[in-house]
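The values are calculated or read from the model by the stated rules, or taken from the named source; none is laboratory data. Not measured: the values here are computed from a predicted model. Cβ coordinates were reconstructed from backbone atoms using ideal geometry, including for glycine residues, and neighbour counts include every protein chain displayed.
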Number of protein chains: 2
Amino acid sequence: MRTNYCGAINTHYLNQTVILCGWVHRRRDHGGVIFIDLRDREGIVQIVCDPENAATFHVAEKIRNEYVLKITGVVRHRPEGTVNLTIHTGEIEVLVNSIEILNPSLTPPFQMDEENLSEAIRLEHRYLDLRRPAMQKNLRLRHKVTMAVRSYLDQQGFIDVETPILTKSTPEGARDYLVPSRVNDGHFFALPQSPQLFKQLLMVSGFDRYYQITRCFRDEDLRADRQPEFTQIDIETSFLSENEIMALMEEMIRNLFRDAIGIDLPAPFPRLSHEEAMFKYGSDKPDLRIPLAFTELTDLMQDVPFQVFRDVAQKQGGRVAALCVPKGGELSRKEIDDYTHFVAIYGAKGLAYIKINSLEKGMEGLQSPILKFLPENVIKAIIERTGAQAGDLIFFGADKAKVVNDALGALRVKIGHDRKLVSSEWKPLWVVDFPMFEWDDEDNRWKALHHPFTSPAEGHEDLLATDPGKALSKAYDMVLNGVEIGGGSVRIHRQEVQTKVFQALNISDEEANEKFGFLLNALQYGAPPHGGIAFGLDRIVAMMSGTDSIRDVIAFPKTQRAQCLLTQAPSAVEEKQLRELHIRLRNSGAIAT
Amino acid sequence: MRTNYCGAINTHYLNQTVILCGWVHRRRDHGGVIFIDLRDREGIVQIVCDPENAATFHVAEKIRNEYVLKITGVVRHRPEGTVNLTIHTGEIEVLVNSIEILNPSLTPPFQMDEENLSEAIRLEHRYLDLRRPAMQKNLRLRHKVTMAVRSYLDQQGFIDVETPILTKSTPEGARDYLVPSRVNDGHFFALPQSPQLFKQLLMVSGFDRYYQITRCFRDEDLRADRQPEFTQIDIETSFLSENEIMALMEEMIRNLFRDAIGIDLPAPFPRLSHEEAMFKYGSDKPDLRIPLAFTELTDLMQDVPFQVFRDVAQKQGGRVAALCVPKGGELSRKEIDDYTHFVAIYGAKGLAYIKINSLEKGMEGLQSPILKFLPENVIKAIIERTGAQAGDLIFFGADKAKVVNDALGALRVKIGHDRKLVSSEWKPLWVVDFPMFEWDDEDNRWKALHHPFTSPAEGHEDLLATDPGKALSKAYDMVLNGVEIGGGSVRIHRQEVQTKVFQALNISDEEANEKFGFLLNALQYGAPPHGGIAFGLDRIVAMMSGTDSIRDVIAFPKTQRAQCLLTQAPSAVEEKQLRELHIRLRNSGAIAT
């Protein structure tokens, strides 16, 4: 039907007759001549309709934006002064011989090059929104990324194996999406939150290296950037150590960034223990583009007169830390107040600070409401430890460690952005040596920090029973620019270890068997040492695209109320369908049709 | 952890020290020496434990089948007389220095090389079943196939775009799997039966060439070889004609068969109109490996004394046809009776036949209960048309065309297999020129033979209103060895045509809008001419593997009762989960826990 893509024509085709198909991006009448910007997925080309060709000109006059055309014409140089070197087709134009309208179009609700559209409009007319060059670019990048991942993993001997979407509900972690069974009255499938158990079973089966780019589902209240269904690059391998797995995976990510967007990530990625990450950045996914770190002060504050600091410092689990902001002396009273409100979101009761006006004038050179409560030697030590210079400002956090970490951690990132301290380099790292468990105050029990199949660190097996809070795991998270893009671990491959972990988690044999019996069985029949990782594809592509929202890299995403504005899913269904599934609506004001 | 795969060692590694990890396939004690066949995904290697190495020998004595081992040893020639050239490692063995038991194993419920296992046992212990070399081979072949498909489509400019799994219920065609929405009380998502509407929307968006290897879902009563979830190679493209799409797709399949299993399929594939396929083979997916075809006799039977034939021949929609079986004269009375019972399954009330004992003796040379009812000139014409030779047998079908086609069509295939007439060549073809609609006796209305988005054939648009039964479509099915492996069509891209089709199908504007409103809207905003196809991946891989069941090429399939014997899905769920989803069980003997 055509000889070329519109966006691919250049001076190479001069004087050739081409047949092009595409959409009318814009029509202009200029000096009696009609110019059409014809668009296809490869770009835009300028079409010229001369009134001398009366039949064609007559058709051209009827043309409106977004009409689909087939045109035949000859490629020629653009007249001098109209050349546009910023686009591939900018040196040429196509003089039309004939035009066929393949399909007309109503006036679209927005222009394809309109910016700042409301997301609701975009999602409702997604088929038009996806015509916009930015969205075309995003989804093509996504394709490129998945092809690069597949090609790397294929070369490394990984085998793509599909695992079930209709599977078993295991109400652990997030909430399951359920699917009522018609054949088995009263029973339900669940959509997988991840293929975790299946990929471990594939290792037990001896596939050795598995991967899958697969959809996962979580029925959670959606935060700004979550979707009910999302895509995971899911990987598992046998007979490799933690370090070998991590090396293989960071090589994959390096290849990916090089192939897809021409970015060279460092080799190897730096590593940070979970403890150090919390200590220095208050976060297990620190953004290393921001050149700020905490300074530990808890030990310094044991005996100071300032009660707020002293009490916290003396208490088990309390922490006092400082965040030194270079040139923070410039901050106005209002800005400091705003930051105080900001950290309150994270539970901080205040935000003490010291401004360093000068280092040469002793206490005279400092400015702070808390100076009078702190001994001079302590202040000196603070300045020494933080390395503060004249013109800097030191913020303080003092509370339970979690509050300090959350509040100062968020403040660190905010100030980094506000004060344009963020490096333009990409900053990946591994966070390692995670604890096995974290204490759940609500349920009053230990919970798995990753998931209950994560292997304890070498030599930490006994701690599972004696001191679970101290047990470290063989888990690793890959973090990029402050975002966790992947997480994984070496798994437990011996049944007795798995049993100990369930005991630490206070999961009874019966419960474990009911939920994970098939995995526990499998571990008894010769499970190999194995481990893996899962990457968030949507997030990675969004970061590469430079967009804040994963919705911009998903063709048909849902809103935060988990609705598809295009198809109106979810929707009411027929009563007959519910009957077949052996369910009824609870709410008698039933919406079923 | 290891230096090589077990199955990859050969004489190239002679005298080298290797570290291997794998499963104990079999242990033999022979002349005081212990031999272990160690297995990994690449194959089996023979390990020798000499009693002189006492420590290692002691470990070896404890080893049982399916233990996971790590061994270090030296590669050496096998002693003469023990060489096995049928396997890659058959010339060598590995003399062990050290053995580590990485994980023991209970005695498995079956041996990895056991055959004729019950499928229930295999599915229940799928992680063991998948260790069996045949299953490893099947799933690796599947990986190879998907990689070959992706690579071809990528080269042809197709873009992999993911479409939603949580989508809208459109109760047309098969039954939907439903997913209750927690956020939207009384509303339900449906799992997609295919991404049909989304891929058309992507064409409207201008992606030009789309593909996806994706899961589809149908909640149907499972026939022998159906699964609740199955995988489709889903493809759509714009601005191409029927012939161009078909050429592109058969090239893909040819590449696939060559790359994955080294089979060269013919180029181009032969084409058969739907009418001709029914006429000659009684099937829209004829198995061309079977060198038998129907002979039309309806016209011959208009005035014969044999009432059964005459009545049918005179009736609208009746058909009399013959199937000539070469050397069918050998068939015993019992075999003919069995075939008579066989065709009864398809509604045939009998199975008349004529045996040709000799062609030289006139009527004397023939043998049949119906001879006396047929004039000699008719019998002559039958013999002439069928080309029957001495020793052949002619079967007759006479009934409504559908019954004749179904019965004689099935008989053709059965006889082909019974009498070993099936060619060993692969026989692909296209079936084209399908009718747009077929009459549904039950609902008393026209139904779409493919789906309601299929474009009518050139010039057949007006027939939609005047004579819907005569309207042909731009649909095409790819058939291989009697199996439909792919089906597609050029779609309707103009809204007014889509409206006419809905009218022919007696779908009201309101109903169409409610179900497909978003597609109808999209067609109004500049939809390009487009078309596509979907292939059944499971079926293609099963055929390549030479297995009868798609369950043998799916890692974790479900039974015919749509259950997973491994995980026990579907399962009962907690009452709390149902409450959150605003549903309750109808059956008060509720199974919820």
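Tabulated results
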read-out	value
Residue within region B:484-496 that is part of a loop (DSSP other than H, G, I, E, B), more than 23 Å from the chain's Cα centre (by Cα), surrounded by fewer than 22 Cβ atoms within 10 Å (Cβ to Cβ) and touching a residue at least 60 places away in the same chain (Cβ under 8 Å) present	no
Any hit, region A:255-267, residues being surrounded by fewer than 17 Cβ atoms within 10 Å (Cβ to Cβ) and in a strand (DSSP E or B)	no
Residues (closer than 22 Å to B:LEU366 by Cβ and of a type in the set (A, V, I, L, M, F, W, C)) located in region B:313-342	B:ALA313, B:VAL320, B:ALA321, B:ALA322, B:LEU323, B:CYS324, B:VAL325, B:LEU331, B:ILE336
From A:LYS144, A:LYS199, residue being within 18 Å of B:ARG215 (Cβ to Cβ) and either in contact (Cβ under 8 Å) with a residue 24 or more places away in the chain or within 7 Å of chain B (Cβ to nearest Cβ) (or both)	A:LYS199
Selected residue (only one of B:GLY173, B:GLY157 is small (Gly, Ala, Ser) and either outside the structural domain of B:ILE235 (by TED's automatic domain parsing) or within 21 Å of the chain's Cα centre (by Cα) (or both))	B:GLY173
Region A:454-468, residues that are in a helix (DSSP H, G or I) and either surrounded by 12 or more Cβ atoms within 10 Å (Cβ to Cβ) or of a type in the set (Ser, Thr, Tyr) (or both)	A:LEU463, A:LEU464, A:THR466, A:PRO468
Residue among A:GLY81, A:GLY73, A:GLY90 that is in the same structural domain as A:ARG39 (by TED's automatic domain parsing) and closer than 15 Å to A:CYS21 by Cα	A:GLY73
Near pairs, Cβ below 6 angstrom, 6+ apart or cross-chain, from region B:506-518 (buried (at least 19 other Cβ atoms within 10 Å of the Cβ)) to any residue that is of a type outside the set (Val, Ile, Thr)	B:ALA512/B:PHE502; B:PHE518/A:LEU566
A:ARG539 vs. criteria of a type in the set (D, E, K, R) and touching a Gly at 6+ places or on another chain (Cβ under 8 Å)	no
Whichever residue in region A:130-147 is surrounded by fewer than 20 Cβ atoms within 10 Å (Cβ to Cβ), at pLDDT 95 or above and hydrophobic (A, V, I, L, M, F, W, C) and, among such residues, is nearest to B:CYS564 (Cα to Cα)	A:MET147
Answer residue from region B:148-160, given it is touching a Lys or Arg at 6+ places or on another chain (Cβ under 8 Å) and surrounded by fewer than 19 Cβ atoms within 10 Å (Cβ to Cβ) and is farthest from the other protein chains (Cβ to nearest Cβ) among those	B:GLN156
Out of A:ASP221, A:ASP264, A:ASP225, A:ASP284, sole residue that is over 24 Å from A:ALA410 (Cβ atoms) and acidic (Asp, Glu)	A:ASP264
Condition met for B:ALA174 (more than 10 Å from chain A (Cβ to nearest Cβ) and in a helix (DSSP H, G or I))	no
Lone qualifier among A:THR163, A:THR231 - being at pLDDT 95 or above, part of a loop (DSSP other than H, G, I, E, B), among the polar types (S, T, N, Q) and surrounded by 20 or more Cβ atoms within 10 Å (Cβ to Cβ)	A:THR163
Matching residues in region A:539-587 - criterion: being surrounded by fewer than 20 Cβ atoms within 10 Å (Cβ to Cβ) and of a type in the set (A, V, I, L, M, F, W, C)	A:ALA572
Any hit, region A:323-335, residues being assigned to a helix (DSSP H, G or I) and under 21 Å from A:ALA381 (Cβ atoms)	yes
Verdict on A:GLN136 being more than 9 Å from every other protein chain (Cβ to nearest Cβ), polar (S, T, N, Q) and either farther than 29 Å from B:ARG131 by Cβ or assigned to a loop (DSSP other than H, G, I, E, B) (or both)	no
Some residue of region A:72-80 being surrounded by fewer than 16 Cβ atoms within 10 Å (Cβ to Cβ), within 14 Å of another protein chain (Cβ to nearest Cβ) and charged (D, E, K, R)	no
So B:ALA512, is it within 30 Å of B:ASP185 (Cα to Cα), more than 30 Å from the chain's Cα centre (by Cα) and either among the hydroxyl-bearing types (Ser, Thr, Tyr) or outside any strand (DSSP E or B) (or both)	yes
Among residues of region B:343-396, those that are assigned to a loop (DSSP other than H, G, I, E, B), surrounded by 15 or more Cβ atoms within 10 Å (Cβ to Cβ) and free of Cβ contacts under 8 Å to residues at least 24 places away in the same chain, counted	1
Some residue of region B:234-253 being in a loop (DSSP other than H, G, I, E, B), crowded, with 24+ Cβ neighbours inside 10 Å and in contact with a Leu (Cβ under 8 Å, 6 or more places away or on another chain)	no
Test: residue in region B:203-223 that is assigned to a helix (DSSP H, G or I) and either within 13 Å of chain A (Cβ to nearest Cβ) or out of contact with any His (no Cβ under 7 Å at 6 or more places or on another chain) (or both)	yes
Verdict on B:SER283 being outside any helix (DSSP H, G or I) and not assigned by TED's automatic domain parsing to the domain that holds B:ASN481	yes
Top-ranked residue in region A:18-57 [being touching a residue at least 12 places away in the same chain (Cβ under 8 Å), in a strand (DSSP E or B) and of a type in the set (Asp, Glu); ranked as farthest from the other protein chains (Cβ to nearest Cβ)]	A:ASP37
Tally of residues being away from chain B (no Cβ under 13 Å) and farther than 18 Å from A:LYS199 by Cα across region A:236-256	8
Residues satisfying the stated conditions in region A:91-123, i.e. at pLDDT 95 or above, more than 12 Å from chain B (Cβ to nearest Cβ) and assigned to a loop (DSSP other than H, G, I, E, B)	A:GLU91
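So that you can scan it fast, the table gives a plain yes or no per residue for (1) more than 14 Å from every other protein chain (Cβ to nearest Cβ); (2) touching a helix residue (DSSP H, G or I) at 6+ places or on another chain (Cβ under 7 Å); (3) not aromatic (Phe, Trp, Tyr):
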position: B:ASP477; (1), (2), (3): yes, no, yes
position: B:ALA522; (1), (2), (3): no, yes, yes
position: B:ALA534; (1), (2), (3): yes, no, yes
position: B:ARG539; (1), (2), (3): yes, yes, yes
position: B:GLN577; (1), (2), (3): no, no, yes
position: B:ASN587; (1), (2), (3): no, no, yes
